[in-house]
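Comments concern the structure below.
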Amino acid sequence: MKSPLRVAITGAAGQICYSLLFRIASGEMLGKDQPVILQLLEITPAMKVLDAVAMELNDCAFPLLHGIVTTDDSAVAFKGANIALMVGAKPRGPGMERADLLKDNGKIFNTLGKVINDVADANIRICVVGNPANTNALILSKNAPKLNPRNITALTRLDHNRAVFQLAEKTGNNLNDVTHMTIWGNHSTTQVPDISNAMVAGEAATSKVDNEWAENDFIPTVAKRGGAVIAARGSSSAASAANGIIDHVHDWMLGTAEGDWASMAVPSDGSYGIAEGIIFSYPVTCKDGEYSIVQGLELSDFIKGKIKESEAELIDERETCSDLF
Ligand code: NAX
């Protein structure tokens, strides 16, 4: 039996985590042979609910769950952590501007970045989910200088999976017939879901759908899907977000599917002319816990223009939050 990995998770009494924790404990994220210790962080008023979640986790008798820590002390939650899933953040309230959300949630990632720097495993791998996810990941990174900045990523896998579904549905194919999907940029409505290099049952997606659909229907449908779910169910995506987190970490640690890639928001190294340092969603392949940005893809002027808009938004967010670096 492998020795257990410590997985720190914030916002653990929230709705995403109610779908997420049980799947991690059952081995879906890190493998059916990998024990885990869940180190769950919440704010003090949510501790009673968190304790109830821990009771339910125990009542599942998951063989791979080797321990649960519940705490409102971040130094305890991140102690020795190998993986951190940063879900906890405030949702946008009525009348709140995006810049207000940036500032409010940015403070959480500034504080937690410092704690992770001090107490976590130096090789910790981090997936930021709380919005605005990309810029929160950047704030965390700037406050955790001991960590490898490459290991601080943000979630765009939910967007990727949404895009795969839309293309499969449009072409009448099975989901596993769709490969090489890409989400570029920010996890926001400026994101760029891109089928330029996607394949459907071994054929180019662009030969199966018309350009008009790809540009004017597919892109806005995927980019605004989060809003559509909120309108339909009265609260934001939870089970599908949890599934995206599972896929993100699973593929990062255990490898992307042979011959395919996934979308992950990672620190830009300048690939595709994107400003270095911002946390930007790219197509990546992963092996043995490392990711590589897929290079050399041909992009249309339309997609390049959209990518520049998303980059501009991220640069603007970086400026808005620079006092938190
Ligand atoms: P909930 O409001 O259900 O849960 C959030 C939890 O975080 C709450 O229990 C709260 O007490 C806790 N929390 C707040 N501040 C904290 C702190 N400083 N330390 C620890 N815990 C803290 O939200 P939920 O639906 O679970 O969503 C969580 C975040 O994910 C939100 O920011 C949401 O916008 C974001 N999302 C990101 C997605 C992505 O693809 N990147 C998609 C889904 C989701 O919208």
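The set of residues in the stretch 111-124 that are within 11 Å of the ligand (Cβ to nearest atom) and crowded, with 18+ Cβ neighbours inside 10 Å comprises Leu112, Val115. May I ask you to say which residue of Asp159, Asp194 is of a type in the set (Asp, Glu), over 13 Å from the mean Cα position of the chain (by Cα) and within 21 Å of Ile307 (Cβ to Cβ)? Within the list Asp159, Asp194, the selection yields Asp194. On inspection, Trp252 qualifies as at pLDDT 95 or above, of a type outside the set (Gly, Ala, Ser) and under 17 Å from Ala137 (Cβ atoms).
Regarding Asn110, is this residue under 30 Å from Thr182 (Cβ atoms), in contact (Cβ under 8 Å) with a residue 12 or more places away in the chain, of a type outside the set (Asp, Glu) and not in a strand (DSSP E or B)? Spell out how you get there, then give the answer.
Details: under 30 Å from Thr182 (Cβ atoms): no; in contact (Cβ under 8 Å) with a residue 12 or more places away in the chain: yes; of a type outside the set (Asp, Glu): yes; not in a strand (DSSP E or B): yes.
No; evaluated as a whole, the condition is false for this residue.
Within the stretch 130-161, if we keep just the residues that are part of a helix (DSSP H, G or I), near the ligand (Cβ under 9 Å from one of its atoms) and touching a strand residue (DSSP E or B) at 6+ places or on another chain (Cβ under 6 Å), the residue that is farthest from Asn216 (Cα to Cα) turns out to be Asn136.
When Ala8 is tested against (1) assigned to a helix (DSSP H, G or I); (2) within 14 Å of the ligand (Cβ to nearest atom), exactly one condition is not met: (1). If you filter the stretch 83-104 down to residues that are of a type outside the set (Gly, Ala, Ser) and modelled with pLDDT of 95 or more, you find that the one that is nearest to the ligand (Cβ to nearest atom) is Val87. In this structure, Arg150 does not satisfy being closer than 19 Å to Ile195 by Cα, within 15 Å of the chain's Cα centre (by Cα) and either in the same structural domain as Lys103 (by TED's automatic domain parsing) or basic (Lys, Arg) (or both).
Table: residues versus (1) assigned to a loop (DSSP other than H, G, I, E, B); (2) within 16 Å of the ligand (Cβ to nearest atom); (3) of a type outside the set (Gly, Ala, Ser); (4) surrounded by fewer than 24 Cβ atoms within 10 Å (Cβ to Cβ).
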| position | (1), (2), (3), (4) |
| --- | --- |
| Ala163 | no, yes, no, no |
| Glu169 | no, no, yes, yes |
| Asn173 | yes, no, yes, yes |
| Asn176 | no, no, yes, yes |
| Ile219 | no, no, yes, yes |
| Gly226 | no, yes, no, yes |
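One line per residue, one yes/no per condition, for (1) among the basic types (Lys, Arg); (2) part of a loop (DSSP other than H, G, I, E, B); (3) surrounded by fewer than 18 Cβ atoms within 10 Å (Cβ to Cβ):
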| site | (1), (2), (3) |
| --- | --- |
| Met1 | no, yes, yes |
| Phe22 | no, no, yes |
| Leu30 | no, yes, no |
| Asp33 | no, yes, yes |
| Pro45 | no, no, yes |
| Ala52 | no, no, yes |
| Lys90 | yes, yes, yes |
| Asp100 | no, no, yes |
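Restricting attention to the stretch 263-276 and to residues that are at positive phi and assigned to a helix (DSSP H, G or I), the residue that is nearest to the ligand (Cβ to nearest atom) turns out to be Tyr272.
From the set of residues in the stretch 194-217 that are within 14 Å of Leu297 (Cβ to Cβ) and touching a residue at least 12 places away in the same chain (Cβ under 8 Å), which is surrounded by the fewest Cβ atoms within 10 Å (Cβ to Cβ)? The residue in question is Ser196.
Looking only at the stretch 235-262, which residues are more than 11 Å from the chain's Cα centre (by Cα) and within 12 Å of the ligand (Cβ to nearest atom)? Correct list: Ser235, Ser236, Ser237, Ala238, Ala239, Ser240.
The values are calculated or read from the model by the stated rules, or taken from the named source; none is laboratory data. On a predicted model such as this, the values are computed, not experimentally measured, just so you know. So basically every Cβ, Gly included, is an ideal-geometry build from the backbone, and we count neighbours across all protein chains shown.
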